[in-house]
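Right, one structure below, let's go through it.
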Amino acid sequence: MCYSKRVIDRIVRPALLYWALIFGLGFALGTARVLWFGPRFGEEAVVLVEVPLMVLASSLAARWITHRYTLRGTGETLAMGALAFAVLMAAELTLTAALPGESPRDWLHSLVQMPGVLGFAGQVLFGLMPWLTRPRHPIPGL
């Protein structure tokens, strides 16, 4: 197997699967937050509920994917998380630029103010989760 195919099979595919699962959930929760729950309960209160749910989902998804793709090493799991995090940030920036109401500059500024800093902390944990939840025991026969 050539090196680039190995990287795609070992890092890129798991990272994109991980991103798609968590981004889909985050998109659904974010839509509910913006349209229904945020105006009723306040943005910070809803984010305080949403972030732990996303971290839990990230933990479960990362554990399942690292097991499914037999990712064990620090390098593989950090690379998977870093790529998924980069795709997540690119998707967030793209959505911000495409949707009315907030500019990319506003989005970046929101990451360092409450409640955006809470969401960003959850996104950083999302990126680290494949490494944090990787199986640490050897698989018999591998």
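The values are calculated or read from the model by the stated rules, or taken from the named source; none is laboratory data. On a predicted model such as this, the values are computed, not experimentally measured, just so you know. Backbone-built Cβ (ideal geometry, glycine too); neighbour counts: all protein chains shown. Accessible surface is based on the protein model in full, side chains and every heavy atom, while ligands, DNA and RNA are left aside. Shrake-Rupley method; radii C 1.70, N 1.55, O 1.52, S 1.80 Å.
Worth a mention:
- Only one of the numbered conditions (1) in contact (Cβ under 8 Å) with a residue 60 or more places away in the chain; (2) loosely packed, with under 14 Cβ neighbours inside 10 Å; (3) farther than 20 Å from Ile22 by Cβ is not met by Glu102, and that is (1).
- Output for the range 53-80, where each listed residue is closer than 30 Å to Phe37 by Cβ, touching a residue at least 12 places away in the same chain (Cβ under 8 Å) and open to solvent by 40 Å² or more (accessible area, probe 1.4 Å): Leu53, Arg63
- Verdict on Leu83 being open to solvent by 70 Å² or more (accessible area, probe 1.4 Å), modelled with pLDDT of 90 or more, under 18 Å from Phe23 (Cα atoms) and within 13 Å of the chain's Cα centre (by Cα): no
- The number of residues in the range 106-136 being closer than 28 Å to Thr77 by Cβ, surrounded by fewer than 18 Cβ atoms within 10 Å (Cβ to Cβ) and of a type in the set (D, E, K, R) comes to 1.
- Here the range 5-20 is the region considered, the condition is being modelled with pLDDT under 80 and not hydrophobic (A, V, I, L, M, F, W, C), and the residue that is farthest from Glu76 (Cα to Cα) is Lys5.
- Residue in the range 13-31 that is nearest to the chain's Cα centre (by Cα), counting only those that are aliphatic (A, V, I, L, M) and farther than 12 Å from Ile65 by Cβ: Leu25
- Residue in the range 80-98 that is over 17 Å from Val124 (Cβ atoms) and touching a helix residue (DSSP H, G or I) at 6+ places or on another chain (Cβ under 8 Å) present: yes
- Some residue of the range 32-47 being under 18 Å from the mean Cα position of the chain (by Cα), among the aliphatic types (A, V, I, L, M) and open to solvent by 50 Å² or more (accessible area, probe 1.4 Å): no
- Of all residues assigned to the range 95-113, at least one qualifies as being under 30 Å from Asp9 (Cβ atoms) and not in a loop (DSSP other than H, G, I, E, B).
- Take the conditions (1) open to solvent by less than 70 Å² (accessible area, probe 1.4 Å); (2) more than 19 Å from the chain's Cα centre (by Cα); Lys5 misses just one of them, which is (1).
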